[in-house]
Amino acid sequence: FRVYNKSSEDMKEVEPESADLVITDPPFNVGTCFGSKVDNDPHEKYINMMRNITSEIGRVLSPKGLALMLVPAMVKKGLTTYAYPKIYSSICNDNGLKLLDSFSYLVTEDDFDCVPMKEILKSDLSRKCHSEEIVGLVFSKGKQKINTFPQKRFYRYVPREGHPCPYPPELMKDLLDTFFRSGDAVIDPFMGTGSLGVEVLRRQGSFIGYELDRNFYLKAKRKCNGALKR
């Protein structure tokens with residue numbers, strides 16, 4: 001494994017077309033505090049960041065690789081709503097990634113940022129929030145057959161290790177059971193404390209992760225080292 005304490009907007013450490021699977025559960029830009037960084041940029045700045053990261057994903061993804069984007073069906077900031085699946089699909093298409101499939105699941109969190117879609121659509125709701133429905137977008141550089149993600153799943157995000165919303169273990173299992181192939185090289189552009197990397201290493205894959213917050217990065221490094229020693 002290789003992990004980096006830097007932004008995934010520049011993944012120069014990764015060779016072109018060397019990644020078999022990219023999984024990203026990016027920040028939703030609704031004000032969540034990820035360690036030392038508050039996820040509350042102006043919308044266009046946030047989108048520009050994701051354009052840069054998606055460009056790098058397009059560069060490093062192998063011709064038969066898959067890129068998974070896990071984004072809310074809708075986000076609200078102030079009185080403006082954003083349909084993230086449509087926005088991300090457009091960004092990925094601009095970077096040579098074609099949408100193969102999509103799936104959805106429901107989530108709950110311990111804060112108040114995650115709400116039903118009907119709440120987001122209310123004109124009197126002006127606070128930052130995202131839908132409880134999360135859409136998984138599956139991209140590739142070309143057509144190929146892929147496995148189908150299980151339907152009607154529900155996951156609970158519980159803070160741990162100082163991170164506000166790490167991958168639920170059940171979600172990681174379902175994602176890797178569906179899309180991971182033995183020996184895959186996996187990249188997580190927002191690895192947090194490295195939980196996905198640990199699961200990839202346990203399945204005999206290789207892992208590359210990026211994380212801006214140094215405390216999260218150090219935890220991820222320790223956990224991945226521990227996974228290799230088992």
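The values are calculated or read from the model by the stated rules, or taken from the named source; none is laboratory data. Computed from a predicted model, the values in this text were never measured in an experiment. Glycine also receives a Cβ, built like all others from the backbone with ideal geometry; neighbour counts cover every protein chain displayed. Keep in mind that these areas ignore ligands, DNA and RNA; they rest on the heavy atoms of the full protein, side chains included. Shrake-Rupley method; radii C 1.70, N 1.55, O 1.52, S 1.80 Å.
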- Message: Condition (residue is open to solvent by 60 Å² or more (accessible area, probe 1.4 Å), out of contact with any Ser or Thr (no Cβ under 8 Å at 6 or more places or on another chain) and not in a loop (DSSP other than H, G, I, E, B)) applied to region 172-186: is it met by at least one residue?
- Response: yes
- In region 83-99, what residues are open to solvent by 30 Å² or more (accessible area, probe 1.4 Å), closer than 20 Å to residue 55 by Cβ and not in a helix (DSSP H, G or I)? 95, 96, 98, 99
- Query: Which of (1) crowded, with 22+ Cβ neighbours inside 10 Å; (2) within 22 Å of residue 103 (Cα to Cα) does residue 192 not meet, given it meets every other one?
  - Reply: (2)
- Message: With the requirement that a residue be touching a Phe, Trp or Tyr at 6+ places or on another chain (Cβ under 7 Å), more than 9 Å from residue 100 (Cα to Cα) and either of a type in the set (A, V, I, L, M, F, W, C) or open to solvent by 60 Å² or more (accessible area, probe 1.4 Å) (or both), what does region 133-145 give you?
- Response: 134
- Message: Take residue 186 and tell me if it is in contact with a Leu (Cβ under 9 Å, 6 or more places away or on another chain) and either within 29 Å of residue 48 (Cβ to Cβ) or not acidic (Asp, Glu) (or both).
- Response: yes
- If we ask which residues in region 202-219 are open to solvent by less than 20 Å² (accessible area, probe 1.4 Å) and either farther than 10 Å from residue 4 by Cα or part of a loop (DSSP other than H, G, I, E, B) (or both), their number turns out to be 4
- Task: Scan 169, 164 and give me the residue that is of a type outside the set (Gly, Ala, Ser), in contact (Cβ under 8 Å) with a residue 40 or more places away in the chain, within 24 Å of residue 220 (Cβ to Cβ) and open to solvent by 30 Å² or more (accessible area, probe 1.4 Å).
- Result: 164
- Could you list all residues from region 172-199 that are aliphatic (A, V, I, L, M) and free of Cβ contacts under 8 Å to residues at least 60 places away in the same chain? 172, 176, 198
- Query: For region 53-83, which residues satisfy the criterion of being closer than 26 Å to residue 146 by Cβ and of a type in the set (S, T, N, Q)?
  - Reply: 54, 55, 62
- Message: Can you name every one of the strands (runs of 3 or more DSSP E) wholly within region 2-76 that holds 3 or more residues which are at negative phi and either open to solvent by 10 Å² or more (accessible area, probe 1.4 Å) or among the polar types (S, T, N, Q) (or both)?
- Response: 2-4, 61-72
- Message: Going residue by residue through region 125-132, is there one that turns out to be closer than 26 Å to residue 50 by Cβ, of a type outside the set (Lys, Arg), open to solvent by 10 Å² or more (accessible area, probe 1.4 Å) and within 14 Å of the chain's Cα centre (by Cα)?
- Response: no
- Message: Residues that are farther than 16 Å from residue 137 by Cβ, more than 16 Å from the chain's Cα centre (by Cα) and among the aromatic types (Phe, Trp, Tyr): does region 45-58 have at least one?
- Response: no
- Message: Being of a type in the set (Asp, Glu), under 22 Å from residue 39 (Cα atoms) and touching a residue at least 40 places away in the same chain (Cβ under 8 Å) narrows it down to one residue among 110, 94; which is it?
- Response: 110
